[in-house]
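Asker: Here you go, one structure.
The values are calculated or read from the model by the stated rules, or taken from the named source; none is laboratory data. These numbers come from a predicted model, not from an experiment. When we count neighbours, we look across all protein chains shown, and the Cβ atoms used for this are built from the backbone with ideal geometry, even at glycine. For the accessible areas, the whole protein counts, side chains as well, though only heavy atoms, and no ligand, DNA or RNA atoms are used. Shrake-Rupley method; radii C 1.70, N 1.55, O 1.52, S 1.80 Å.
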Amino acid sequence: MALLYRGVIISALLVISVVAVTAEADDSDDGVTIETIEEDDYQSPQIDHKNVYLAEHFDDVASFKKKWVKSEAKKQGVDENIAKYDGKWEIQSPLRRILKNDLGLVLTTEAKHAAISTLLDKPFEFKDKPLIVQYEVTMQEGQNCGGAYIKLLSRGLNTKADLKQFHDQTPYTIMFGPDKCGNDNKLHFIFRHENPKNGTIEEKHSKKPTQRLDDIYKDKEPHLYTLIVRPDNTFTILVDNKEANAGSLLEDFTPPVNPPEEIDDPNDKKPDDWDEREKIVDPTATKPLDWDEDAPAQIVDPNAVKPDTWLDDEPETIPDPDAKKPDDWDEEMDGEWEAPLIDNPKCAAAAGCGEWKPPTIPNPNYKGPWRAPLIANPNYRGKWSPRRIPNPHYFRDDTPFRMTPVHAVGFELWSMSPMLLFDNIIITDDEQVAEEWAKQTYAIKRAKITSDSESLVERALKYAGAHPWVYGVVIVGAFLLVGLTAYCCCMPKSDADSITKKTDAVVEDDPHSEGEGQEAEGEAEAEAELEEKEEKESKKSKAGLEGHEEEEKSSPVDTEGAGDGQRKRKPRKE
């Protein structure tokens, strides 16, 4: 059976190895899933820029320096010493290099305000095409507190000089991305909406994501964030190509886009005689004459009796008789030495020690302070609320998608963790373009990480999941190998082996070399042994125990042979 199990295990490993090798070979020809990408195979993404407003991979340092502008402004409303945007931005390779020649924009400093931005290749106007914003973030040292969100800056920032003044109050149309402080993890989607009646602008915050996003702040791996806002006022947020949030611009934001049609009248006030009390004290109630408010809640038990074994003259604690004053005790410095107190051993066997006091019990006459009962208020008019009036600022905007055009994009951040890496930003109006961009960047990066961490068995199982025919091959191959192993273990023995096992006689020559003569000789020896055994049993029955003992003493015995009893060996005939 051990051989059978060993065969099964070996066969399974062989099949898995074949499947794993096949998986690697097939994946190298697959245009979608990339499993065996090498560092040297990476190239900066290339896409059709027809429907693209910005595509930035940060692999070209010279191009980055021409396009991106670091802010020289100061943050408003904070101390002068920390108001300046002096956080440092650099183009670097990731701390954990995944793909050769792949660079990113890194915020290298911590606890500093930092801002950087660039103009779009062409402004995005919210008309009849969706807006897709997509970028990668790698929190290379985790994130304790701070944001990694991106801002789509509103119309009005048209030059690099404008970008140099980019700060926290610079108008933006959309803010999107992760943000964390303490246990509060957020994935922002905020858009600024203009009131068409009075021109005021208000920030609208999306509802919370439907999935937990704790890992993105601590696993130190790249993550892909995608925002899709459509002309039908719907939106979708993806994290690593999986939906994390979705909904409507009209229904899933706080405060809502459209204000209520009616509001409380700010000039309406509650009348002075309005009574909101449901119950009042009964004015006709009086305290009973026998009600004693001064009676104590507890009284001494009049039936209590001091136990006979109570020791009045014994204290509950006594100085420890075994304690000794330390040798280094200085009475001038430490005061007069006193032995520590211990429980009086005499009290352990008695009911108690010291002054005896009877216990207290609840006072049966105690009633406490008297209070008049409550009754229904005959003047109750219910809870007062101001009257409703038409909202003078009411409007109806059925197309909140038509936001302020976007002219630039940038990061305006403060983080307690350094080395935030941003990469592969794309702004487009075609979802397929964003998907293709991700396949050439994030998908390759993710596949390389997975490939580096997967074992041979994991790759085989993954491949089998994508190619169900592999299970059939594994099952058929396993049955064939198990059957072969079982046949080898259970096949019939040769005639020569069976001949050898017919007798326990010592074999001096090779039994296979004597052929039929050897077989005949073995049969003759077996018959001789049988006759000798019968003769021996006959002698025992006639001679009794004494004769039996003599026979045993005189007969040579083989103590090492196997079988039901002892047998005499006869010399082999030549």
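Asker: Tally time: how many residues in region 189-212 are among the hydrophobic types (A, V, I, L, M, F, W, C) and surrounded by fewer than 16 Cβ atoms within 10 Å (Cβ to Cβ)?
Answerer: In the first step, residues of region 189-212 are kept if they are among the hydrophobic types (A, V, I, L, M, F, W, C); the result is 189-191, 201.
Okay, now just the ones that are also surrounded by fewer than 16 Cβ atoms within 10 Å (Cβ to Cβ), so 201.
The total comes to 1.
Asker: Next up: Identify all residues within region 59-80 that are open to solvent by less than 50 Å² (accessible area, probe 1.4 Å) and part of a helix (DSSP H, G or I); write none if there are none.
Answerer: First, the residues of region 59-80 that are open to solvent by less than 50 Å² (accessible area, probe 1.4 Å): 59, 63-64, 68-69, 71, 73, 75.
Within region 59-80, 63, 64 meet the criteria.
Asker: Something else now. Hand me the list of strands (runs of 3 or more DSSP E) wholly inside region 208-253 holding 1 or more residues that are under 24 Å from the mean Cα position of the chain (by Cα) and more than 30 Å from residue 402 (Cβ to Cβ). So that I can check it myself, show each step before the final result.
Answerer: Numbers: elements: 222-229, 234-239, 242-248.
Here the list reads 222-229.
Asker: Exactly one condition in (1) in contact with a Ser or Thr (Cβ under 7 Å, 6 or more places away or on another chain); (2) within 20 Å of residue 424 (Cβ to Cβ); (3) among the small types (Gly, Ala, Ser) is not met by residue 115; state its number.
Answerer: (2)
Asker: Quick one: count up the residues across region 213-241 that are in contact (Cβ under 8 Å) with a residue 12 or more places away in the chain and open to solvent by 80 Å² or more (accessible area, probe 1.4 Å). Give the steps one after another, and end with the answer.
Answerer: Going through region 213-241, the residues in contact (Cβ under 8 Å) with a residue 12 or more places away in the chain turn out to be 213-214, 216-218, 220-235, 237-241.
Adding the requirement that they be open to solvent by 80 Å² or more (accessible area, probe 1.4 Å) leaves 218, 220, 232, 241.
Of the residues in that region, 4 qualify.
Asker: Looking only at region 267-282, count every residue that is open to solvent by 80 Å² or more (accessible area, probe 1.4 Å) and either touching a residue at least 12 places away in the same chain (Cβ under 8 Å) or outside any loop (DSSP other than H, G, I, E, B) (or both) and tell me the total. Write out each step before concluding.
Answerer: Going through region 267-282, the residues open to solvent by 80 Å² or more (accessible area, probe 1.4 Å) turn out to be 267, 269-270, 272-273, 277-279, 281.
Then keep just the ones that are either touching a residue at least 12 places away in the same chain (Cβ under 8 Å) or outside any loop (DSSP other than H, G, I, E, B) (or both); that gives 269-270, 277-279, 281.
Qualifying residue count for the region: 6.
Asker: Going through region 163-200 one residue at a time, which ones are charged (D, E, K, R), in contact (Cβ under 8 Å) with a residue 40 or more places away in the chain and in contact with a strand residue (DSSP E or B) (Cβ under 9 Å, 6 or more places away or on another chain)?
Answerer: At the first step, the residues of region 163-200 found to be charged (D, E, K, R) are 164, 168, 179-180, 184, 186, 192, 194, 197.
Then drop every residue that is not in contact (Cβ under 8 Å) with a residue 40 or more places away in the chain, which leaves 164, 168, 192, 194, 197.
Of everything in region 163-200, those that are charged (D, E, K, R), in contact (Cβ under 8 Å) with a residue 40 or more places away in the chain and in contact with a strand residue (DSSP E or B) (Cβ under 9 Å, 6 or more places away or on another chain) turn out to be 164, 168, 192, 194.
Asker: Another one. Give, as residue ranges, the strands (runs of 3 or more DSSP E) completely inside region 138-196 that count at least 3 residues that are modelled with pLDDT under 95. Break it down into steps so the answer makes sense when it comes.
Answerer: On the way: elements: 145-147, 150-154, 172-181, 184-194.
Hits in region 138-196: 145-147, 172-181, 184-194.
Asker: Could you list, in sequence order, all residues of region 341-353 that are in a loop (DSSP other than H, G, I, E, B) and surrounded by 12 or more Cβ atoms within 10 Å (Cβ to Cβ)? Step through it out loud before you land on a result.
Answerer: Quick first cut of region 341-353, residues in a loop (DSSP other than H, G, I, E, B) only: 344, 349-351.
Result: 344, 350, 351.
Asker: I've got another one for you. Which members of region 81-96 meet the condition of being more than 18 Å from residue 135 (Cα to Cα), touching a residue at least 12 places away in the same chain (Cβ under 8 Å) and either among the aromatic types (Phe, Trp, Tyr) or open to solvent by 90 Å² or more (accessible area, probe 1.4 Å) (or both)?
Answerer: Our first condition is that a residue be more than 18 Å from residue 135 (Cα to Cα); within region 81-96, this holds for 81-88, 95-96.
From the residues that got through so far, the ones that are touching a residue at least 12 places away in the same chain (Cβ under 8 Å) too are 82-88, 95-96.
82, 84, 85, 88, 95, 96 - these are the residues of region 81-96 that are more than 18 Å from residue 135 (Cα to Cα), touching a residue at least 12 places away in the same chain (Cβ under 8 Å) and either among the aromatic types (Phe, Trp, Tyr) or open to solvent by 90 Å² or more (accessible area, probe 1.4 Å) (or both).
Asker: Under the condition of being among the hydrophobic types (A, V, I, L, M, F, W, C) and under 20 Å from residue 116 (Cα atoms), which residue from region 157-188 is most open to solvent (accessible area, probe 1.4 Å)? Break it down stepwise before answering.
Answerer: Our first condition is that a residue be among the hydrophobic types (A, V, I, L, M, F, W, C); within region 157-188, this holds for 157, 161, 163, 166, 174-176, 181, 187.
Of the ones still in play, those that are also under 20 Å from residue 116 (Cα atoms) are 157, 161, 163, 166, 174-176.
On the way: 157: 18, 161: 65, 163: 1, 166: 0, 174: 0, 175: 20, 176: 1 Å².
Checking each candidate, the answer is 161.
Asker: Right, next: Mind listing whichever residues of region 411-434 are in contact with a strand residue (DSSP E or B) (Cβ under 9 Å, 6 or more places away or on another chain), open to solvent by 10 Å² or more (accessible area, probe 1.4 Å) and part of a helix (DSSP H, G or I)?
Answerer: Passing the criteria: 431, 433.
Asker: Report every pair of residues separated by at least 6 positions or lying on different chains whose Cβ atoms are under 9 Å apart, first residue within region 47-75 and without any contact (Cβ under 8 Å) to a residue 12 or more places away in the chain, second outside any helix (DSSP H, G or I) and of a type in the set (Lys, Arg).
Answerer: Taking only residues 6 or more apart or on different chains, not a single pair turns up.
Asker: Let me ask something else about it. Test residue 253 against the criterion of being open to solvent by less than 30 Å² (accessible area, probe 1.4 Å), in contact with a Leu (Cβ under 7 Å, 6 or more places away or on another chain) and not charged (D, E, K, R), and give yes or no.
Answerer: Working: open to solvent by less than 30 Å² (accessible area, probe 1.4 Å): yes; in contact with a Leu (Cβ under 7 Å, 6 or more places away or on another chain): no; not charged (D, E, K, R): yes.
So residue 253 fails the test.
Asker: Starting from residues that are touching a helix residue (DSSP H, G or I) at 6+ places or on another chain (Cβ under 9 Å) and open to solvent by 10 Å² or more (accessible area, probe 1.4 Å), keep the ones in region 103-129 and report whichever is farthest from residue 43 (Cα to Cα).
Answerer: 129
Asker: Quick check on residue 338: is it in contact with a helix residue (DSSP H, G or I) (Cβ under 8 Å, 6 or more places away or on another chain), on the phi < 0 side of the Ramachandran plot and open to solvent by 90 Å² or more (accessible area, probe 1.4 Å)?
Answerer: On the way: in contact with a helix residue (DSSP H, G or I) (Cβ under 8 Å, 6 or more places away or on another chain): no; on the phi < 0 side of the Ramachandran plot: yes; open to solvent by 90 Å² or more (accessible area, probe 1.4 Å): yes.
Here the answer is no, as residue 338 does not meet what is asked.
Asker: Further question: Given the criterion outside any strand (DSSP E or B) and surrounded by 13 or more Cβ atoms within 10 Å (Cβ to Cβ), identify the matching residue among 329, 370, 356.
Answerer: On the way: 329 fails: surrounded by 13 or more Cβ atoms within 10 Å (Cβ to Cβ); 370 fails: surrounded by 13 or more Cβ atoms within 10 Å (Cβ to Cβ).
Selected residue: 356, the only one of 329, 370, 356 that is outside any strand (DSSP E or B) and surrounded by 13 or more Cβ atoms within 10 Å (Cβ to Cβ).
Asker: Follow-up. Among the candidates 7, 31, single out the residue that is assigned to a loop (DSSP other than H, G, I, E, B) and either modelled with pLDDT under 80 or surrounded by 12 or more Cβ atoms within 10 Å (Cβ to Cβ) (or both).
Answerer: Values: 7 fails: assigned to a loop (DSSP other than H, G, I, E, B).
Only one candidate qualifies: 31.
Asker: If the Cβ limit is 8 Å and pairs must be 6+ apart or interchain, which residue in region 329-342 that is charged (D, E, K, R) pairs with which residue that is at pLDDT 85 or above?
Answerer: 331/337; 338/319
Asker: Something else now. Considering each residue of region 144-156, count those that are under 26 Å from the mean Cα position of the chain (by Cα) and open to solvent by 10 Å² or more (accessible area, probe 1.4 Å), and give that number.
Answerer: Of the residues in that region, 3 qualify.
Asker: Restricting to region 283-302, give me the number of residues that are within 30 Å of residue 383 (Cβ to Cβ) and either aromatic (Phe, Trp, Tyr) or open to solvent by 100 Å² or more (accessible area, probe 1.4 Å) (or both).
Answerer: Of the residues in region 283-302, the ones within 30 Å of residue 383 (Cβ to Cβ) are 283-285.
Now narrow it down to the ones that are either aromatic (Phe, Trp, Tyr) or open to solvent by 100 Å² or more (accessible area, probe 1.4 Å) (or both): 283-284.
Number of matching residues: 2.
Asker: What about residue 437, is it open to solvent by 10 Å² or more (accessible area, probe 1.4 Å) and either of a type in the set (A, V, I, L, M, F, W, C) or in contact with a His (Cβ under 9 Å, 6 or more places away or on another chain) (or both)?
Answerer: Details: open to solvent by 10 Å² or more (accessible area, probe 1.4 Å): no; either of a type in the set (A, V, I, L, M, F, W, C) or in contact with a His (Cβ under 9 Å, 6 or more places away or on another chain) (or both): yes.
No.
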